[in-house]
Structure formats: C-alpha cells, structure tokens
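Quick note: the coordinates plus some simple rules give every number you see, no bench work behind them. Quick caveat, the model's predicted, so the values are computed rather than measured. Cβ placement follows ideal geometry from the backbone for every residue including glycine, while neighbour counts extend to all protein chains displayed.
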Amino acid sequence: GFFGWYVVTFATMLLALMATGLDQVTAFSAVAASINNMGPGLGDVSAHYNTISDIAKWILCLAMLLGRLEIFTLLVILSPSFWRT
C-alpha cells in the first residue's frame, strides 16, 4: 500500500540524488525534508540548497510535489485508466 510506495519513492529519490554527487547523509536528509515537508536538512543542505546541482534541485522539486500531493494522487493522475471514460 502507501508505505510500500513511500519507501520505493524515497529510495529512488535518494539514489537519484546520490547519482548527482551528493553524499549519503546530505541526500537522505534532503529527500526526507522534501517529501515530508519538514525542517532543514543535514550536510551540504543544512543552511541552503545553493550548493547542489540544478538536476538535484529538480529531483527535490519532484519529491516536494510527491510529498505535498501525496504519492497516490500523482499515481492516479498519471495512470492511463484514469483518463479513459
């Protein structure tokens, strides 16, 4: 259910951020802060997100959308069966 999709989404975002060159602590805290709409991160993103790459910022923007709209809402909107009538 929801928890499974949450873990898969979190892990995917974490690996994507680590692929951009962020260390594990920074990537983990940035994803946690973005998906959960909570406070500041740790590591490179503790003060601001200015030091991370543009691609990492786009990944975090997607994580913020997923967290704000809930994962299931986006899955429903993106599923082709939702748009068929």
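Each Lys or Arg adds one and each Asp or Glu takes one away; over the other residues whose Cβ falls under 15 Å from the Cβ of Ala56, this sums to -2.
Principal-axis analysis of the Cα atoms of the chain puts helix 24-35 at an angle of about 40° to the longest axis. Label separation (Thr51 vs Phe82): 3.7 nm, computed from points 7 Å beyond Cα along the C-beta direction.
With N as its number of residues, the range 2-83 has a Cα radius of gyration that, divided by 2.2 N^0.38 Å, comes to 1.11. Over the chain, dividing the summed -39,500 (n - 2.57) contributions of all DSSP H runs of at least 4 residues by the number of residues returns a 222 nm mean residue ellipticity of -21000 deg cm²/dmol. Against the main long axis of the alpha-carbon atoms of the chain, helix 2-19 sits at an angle near 40°.
Taking other C-beta atoms within 10 Å as the exposure proxy, Leu75, Leu62, Leu17 rank Leu75, Leu62, Leu17 from fewest upward.
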